[in-house]
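Everything on this sheet refers to the single structure shown next.
The values are calculated or read from the model by the stated rules, or taken from the named source; none is laboratory data. Quick caveat: nothing in here was measured; it's all calculated off a predicted structure. Cβ coordinates were reconstructed from backbone atoms using ideal geometry, including for glycine residues, and neighbour counts include every protein chain displayed.
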Amino acid sequence: MQKIITYLVILIFSIKITAQEKSTSKDNLEYSIKIKKVIETFFEGLHKGDSTLLKTTIHKDIKIQTTFTNKKGKNILKTETKKQLLTAIANKKPEHIYLVKLLSFDIKIDGNLASVWTPYEFYFNKKFSHCGANSFQLFNNNGNWQIIYLVDMRRTESCKGLKDKK
């Protein structure tokens, strides 16, 4: 009798664990779609110069940074405030055309935290400017994924866009 009870307990727990794994996998797929949409909306706001649209994608306490190597070969890390970002987007001149071409999305999710890596090419007024990668951290704020951290890396060497430009 003891063996039967032990077997049933093990069976019930293994079924529950399997069901949870499937649920988590399904949730991650749904979350990945929502997270990708948040990032696409962020760039839609950037491209259009629509700070109101872009603001819907970011958390009130977002941290924004950029890294690059200057002309002297020194690595630089610049920090920008949310206000600076939104002001720059709102003041974008209509004749300035920004296009960030995202080359891929690598999305990792654990609970209410997501990390997204997006290599990109940046075009200004339809001319290649630079390439690099964005690293986004997102927080699931009770059903609403928001960007809490964004760092981008910018370079002009080893870019596919540069090859296309020549």
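Of all the numbered requirements in (1) within 20 Å of GLU30 (Cα to Cα); (2) in contact with a Gly (Cβ under 8 Å, 6 or more places away or on another chain); (3) not charged (D, E, K, R), TRP117 misses one, and that requirement is (2). In the range 37-52, how many residues are without any contact (Cβ under 8 Å) to a residue 24 or more places away in the chain and either among the hydrophobic types (A, V, I, L, M, F, W, C) or touching a Ser or Thr at 6+ places or on another chain (Cβ under 7 Å) (or both)? Qualifying residue count for the region: 1. Residues of the range 30-51 that are assigned to a helix (DSSP H, G or I) and among the charged types (D, E, K, R): GLU30, LYS34, LYS36, LYS37, GLU40, GLU44, LYS48.
Per-residue answers, yes or no, for (1) without any contact (Cβ under 8 Å) to a residue 12 or more places away in the chain; (2) under 19 Å from the mean Cα position of the chain (by Cα); (3) surrounded by 11 or more Cβ atoms within 10 Å (Cβ to Cβ):
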| site | (1), (2), (3) |
| --- | --- |
| LEU54 | no, yes, yes |
| ILE58 | no, yes, yes |
| ASN70 | yes, no, no |
| ASN75 | yes, no, no |
| THR87 | no, no, yes |
| LEU102 | no, yes, yes |
| PHE105 | no, yes, yes |
| PHE122 | no, yes, yes |
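Criterion first (under 19 Å from GLU40 (Cα atoms), out of contact with any Gly (no Cβ under 9 Å at 6 or more places or on another chain) and outside any helix (DSSP H, G or I)) does LEU77 satisfy it?
Numbers: under 19 Å from GLU40 (Cα atoms): no; out of contact with any Gly (no Cβ under 9 Å at 6 or more places or on another chain): yes; outside any helix (DSSP H, G or I): yes.
Criteria not met by LEU77.
ILE89 meets each of the listed conditions (1) in a helix (DSSP H, G or I); (2) touching a Ser or Thr at 6+ places or on another chain (Cβ under 9 Å); (3) at pLDDT 95 or above apart from (3).
Here is a check on your reading of the model: is ALA133 closer than 30 Å to ASN28 by Cβ and either of a type outside the set (Ser, Thr, Tyr) or in contact with a Gly (Cβ under 6 Å, 6 or more places away or on another chain) (or both)?
Working: closer than 30 Å to ASN28 by Cβ: yes; either of a type outside the set (Ser, Thr, Tyr) or in contact with a Gly (Cβ under 6 Å, 6 or more places away or on another chain) (or both): yes.
In short, yes.
Checking each residue of the range 52-63 against the condition of being in contact with a Phe, Trp or Tyr (Cβ under 9 Å, 6 or more places away or on another chain), closer than 21 Å to GLY132 by Cβ and part of a helix (DSSP H, G or I) gives at least one match. Looking only at residues of the range 107-120 that are of a type in the set (S, T, N, Q) and surrounded by fewer than 17 Cβ atoms within 10 Å (Cβ to Cβ), we find that the one that is modelled with the lowest pLDDT is ASN112.
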